[in-house]
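Note sheet for the following structure.
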Amino acid sequence: MTQHSTRPETMKETDVIDLLLAQHAMIRDLFDEVERAPAGERGEAFTRLVRLLAVHETAEEEIIHPYARRTLDGGDGVVEDRLEEERQAKELLQHMDQAGPDDPDFMANLAVLRAAVMAHARSEERYEFTKLRARTSAAERRAMAVGVKAAEAMAPTHPHPGTESATKNVLVGTPVAMMDRVRDVIRKATGH
Ligand SMILES: [Fe+2]
Ligand SMILES: [Fe+2]
């Protein structure tokens, strides 16, 4: 797999729903990669998965979920359910990160994490994105895609040469610390 395939901010999709669906596929592919990696390379593949999840989930939490809350009938309930799923996945992610890739339970935990993350993605697609697509114009969805990509570009999973140090400060440490930093960067950039 090339590095290009895990740069969510450079994806070609211009409709935000298409963009998020493509990112869900990217997450699934990265789970495949962690599962198939030889034991010695598992940690590196897992770190890339954690970074992608941090950037994707935080962009959703900062841009998509608030919009769904405001726009959808019963939006608060839909979003609360998604946030609870994201919280549970983050807890397991945090535990796996602490235990490390050599933990004897790593592969079993990875299977549980994968099931939880992919079930969460399907729930978003079914209960949130489908309704959002029905309630928004193509122009709104294009504008939201620009917003999501801009947010994701603030914490690039693969920095451009010369900007590594800035990125290092964002996507290092525990998964929760990464997500907190991505959130800070996005909030500063969007003025929230
Ligand atoms: Fe999500
Ligand atoms: Fe998602």
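The values are calculated or read from the model by the stated rules, or taken from the named source; none is laboratory data. It should be emphasised that the depicted structure is a prediction, and the values quoted were computed from it without experimental measurement. Every residue, glycine among them, receives a Cβ derived from its backbone with ideal geometry; neighbour counts consider all protein chains shown. Remember, those area values only see protein heavy atoms, side chains included, never the ligands or the DNA or RNA. Shrake-Rupley method; radii C 1.70, N 1.55, O 1.52, S 1.80 Å.
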Cβ pairs under 6 Å, 6+ apart or interchain, first in segment 112-126 and touching a residue at least 40 places away in the same chain (Cβ under 8 Å), second among the basic types (Lys, Arg) and more than 12 Å from ligand 2 (Cβ to nearest atom), ordered by first then second residue, are none
*asked:* Looking at segment 83-102, can you tell me whether even one residue there is away from ligand 1 (no atom under 16 Å from the Cβ), within 19 Å of the chain's Cα centre (by Cα) and open to solvent by less than 30 Å² (accessible area, probe 1.4 Å)?
replied: yes
| task | Test residue 108 against the criterion of being over 20 Å from residue 22 (Cα atoms) and either more than 16 Å from ligand 1 (Cβ to nearest atom) or open to solvent by 20 Å² or more (accessible area, probe 1.4 Å) (or both), and give yes or no. | result | yes
Looking at this structure, is residue 47 farther than 27 Å from residue 134 by Cβ, open to solvent by 20 Å² or more (accessible area, probe 1.4 Å) and among the hydroxyl-bearing types (Ser, Thr, Tyr)?
-> yes
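From the residues in segment 54-76 that are part of a helix (DSSP H, G or I) and among the hydrophobic types (A, V, I, L, M, F, W, C), which one is surrounded by the most Cβ atoms within 10 Å (Cβ to Cβ)?
Just the residues of segment 54-76 that are part of a helix (DSSP H, G or I), to begin with: 54-71, 75-76.
Okay, now just the ones that are also among the hydrophobic types (A, V, I, L, M, F, W, C), so 54-55, 59, 63-64, 68.
Values: 54: 25, 55: 29, 59: 27, 63: 20, 64: 22, 68: 24.
Ranking the candidates gives 55 first.
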Among 28, 82, 51, the single one that is touching a residue at least 12 places away in the same chain (Cβ under 8 Å), in contact with an Asp or Glu (Cβ under 7 Å, 6 or more places away or on another chain), within 16 Å of ligand 2 (Cβ to nearest atom) and in a helix (DSSP H, G or I) is 82
Considering residues that are in a helix (DSSP H, G or I) and more than 15 Å from ligand 1 (Cβ to nearest atom), the number found within segment 7-25 is 3
Picked from segment 134-179 (must be within 13 Å of the chain's Cα centre (by Cα) and among the charged types (D, E, K, R)), the residue modelled with the lowest pLDDT is 152
